[in-house]
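The values are calculated or read from the model by the stated rules, or taken from the named source; none is laboratory data. All values derive from a computational prediction rather than experimental measurement. Quick reminder, even Gly has a Cβ in these numbers, built from the backbone with ideal geometry, and neighbours come from all protein chains shown. When the accessible area is computed, the model is the full protein with side chains, heavy atoms only, and any ligands, DNA or RNA have been set aside. Shrake-Rupley method; radii C 1.70, N 1.55, O 1.52, S 1.80 Å.
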Amino acid sequence: MSGSRLPGFYKLSVAERRALVAERSGVDPQALASALDGGGIDCATADKLVENVLGTYALPFGVALNVQVNGTDRLVPMVVEEPSVIAAASNAARMVRSAGGFTAEMTEALMIAQIELRGLADVELALRLLANETEHLLTVARGAVPNLIERGGGPRSIELRRLEKGRIVVHVLVDCRDAMGANLVNSIAEAVGPVAAGITGAELGLRILSNLSDRRAARVTCRVHPTDLVLSRAKPTFGVGDSAPPSGPSAALTGDAIADGIVAASEFAEADPYRAATHNKGIMNGIDAVVIATGNDFRAVEAGAHAYAALSGRYRPLSVWRRDGEALVGELTLPLALGIVGGTLRVHPAARLALSLVRVDSADELALVAASVGLASNLAALRALATEGIQRGHMSLHARSVAVAAGAQGSEVELVAGRLSEDGSVTLEAARRALSALRGT
Ligand code: MEV
């Protein structure tokens, strides 16, 4: 692929954007159009996917630009209903790109199958018996997923955890390769459960994966030159508006001051769970959009992210920002169990298209891209909050939709929206007046 820098992309029509993205990604333009027209999935397919179907429900499908992860450019598909999220991630990714892009890695890539054993009179004895039978348990686990073994994955090890009140939890750690792995892991849990109960004489409890997939976590870091935090000041980082540069105190902020403001915002989140929740929401804005676009289970990802944020016993931000010499440095770690085979992907044409746009070779590579977009979203939000607040970006996007509602077409949209933002009055009436002034009617 020849890059994810597409300056002026937002000004193009949908048809022009499709043509450009098809060219950059090598996806057939016809395939792109047919995957996205009509909301990405037809009613008959939806009827096979879930129950009691009445129809389908579409959301906007866009792409984040400028994203570079481990030296590779990615056009990143995002499905999200919130204005500004895609633009903000793209803007922040551009700042990161100019300092070398995102560096990302999976800490490990193992899912957890949980088997709960209850009512044990002698927990120590049960732990010893299970430890002695580890190989046997792994053999049973392997027998439950022959196809996964053929693909080079499978159960890797067993861990035992002691809980209160005569309870033990057996964890089977499973390499699910390119699948998210919920079904594989649940099959393993159900196969191993009765065997583990038999070994210990315990009452068999629950057998299910854990969504706190902290053994399948993505870690992403990035650097930003403070000067780049200023350069984009003419455009709000939490939006795409083309309106005038900010006036007031934020207009005078230096890159250093903005970088320090982002560090202070990070420290606020580190000190206060109420702020940490919103900080993390800003990260998940980017991650969920990629997760949904690629047909993955966003509830699983959300559950894992927030459980991980609270793992120390106190809810914390998933990312931290600091200065390293001149540079601003961000680091994000979170569990990210994604798949590029199976599940919704089998049947959802837009999810398959999303994967062909992002062009990853493995599920873990997709997780690294999604995590990078999460860190970009976080940077954009903190930059906006540390400077002009997020409303200006939101308002300039809102101005564009009001301009369209007033009848503006083509290049009129930006001109009318710019006038509304400048005047600080984003109403339909003002848009109609601006449009008729523009047309000289
Ligand atoms: C809005 O969707 C996300 C933010 O609230 C995130 C944050 O406060 O860091 C702007």
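Below are the figures for this structure:
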quantity	calculated
Cα→Cβ-extended label distance, 7 Å offset, between A405 and E81, nm	1.7 nm
Between helix 298-309 and the chain: long-axis angle, C-alpha atoms, 0 to 90°, nearest 10	80 degrees
Rounded, prolate or oblate (a/c below 1.5 giving rounded, otherwise prolate when a/b exceeds b/c) for the stretch 331-441 by Cα gyration tensor	oblate
Between the stretch 274-342 and the stretch 356-381, the alpha-carbon center distance in angstrom	11 Å
Carbon + sulfur, % of accessible area of the stretch 111-209 - ligands and nucleic acids excluded, 1.4 Å	48 percent
Heavy-atom surface of the stretch 341-441, accessible at 1.4 Å and reported per residue (Å²)	42 Å²
Between the stretch 252-271 and the stretch 398-419, the alpha-carbon center distance in angstrom	34 Å
FRET E, pair R275, S312, Förster distance 22 Å, beta-carbon r, rounded to 0.05	0.85
FRET efficiency for E23 and S436, using Cβ-Cβ distance with R0 set to 51 Å, rounded to 0.05	0.85
Computed helical MRE - 222 nm, the chain, DSSP H runs ≥ 4 contributing -39500 (n - 2.57), nearest 500	-15500 deg cm²/dmol
Degrees, to the nearest 10: 134-144 long Cα axis against longest axis of the chain	60 degrees
14 Å Cα-Cα reach of K165 towards aspartates and glutamates, excluding residues that sit fewer than 8 places from it in its own chain	E116, D122, E124, E203
Candidate residues C43, C222: accessible-area rank, largest first, probe 1.4 Å	C43, C222
Per-peptide average of other Cβ atoms within 10 Å, ordering 202-215, 121-134 highest first	202-215, 121-134
Peptides ranked, highest mean first, by Cβ atoms within 10 Å: ranges 283-296, 313-326, 372-385	372-385, 283-296, 313-326
Span per principal axis, largest first, for the Cα atoms of the chain (Å)	86, 52, 38
Helix 412-423 axis, angle to the chain major axis (alpha carbon atoms, nearest 10°)	80 degrees
Surface accessible to a 1.4 Å probe, S13 within the full protein complex, Å²	50 Å²
Chain lengthening between V53 and T227 when straightened (0.36 nm per residue, less Cα-Cα)	57.4 nm
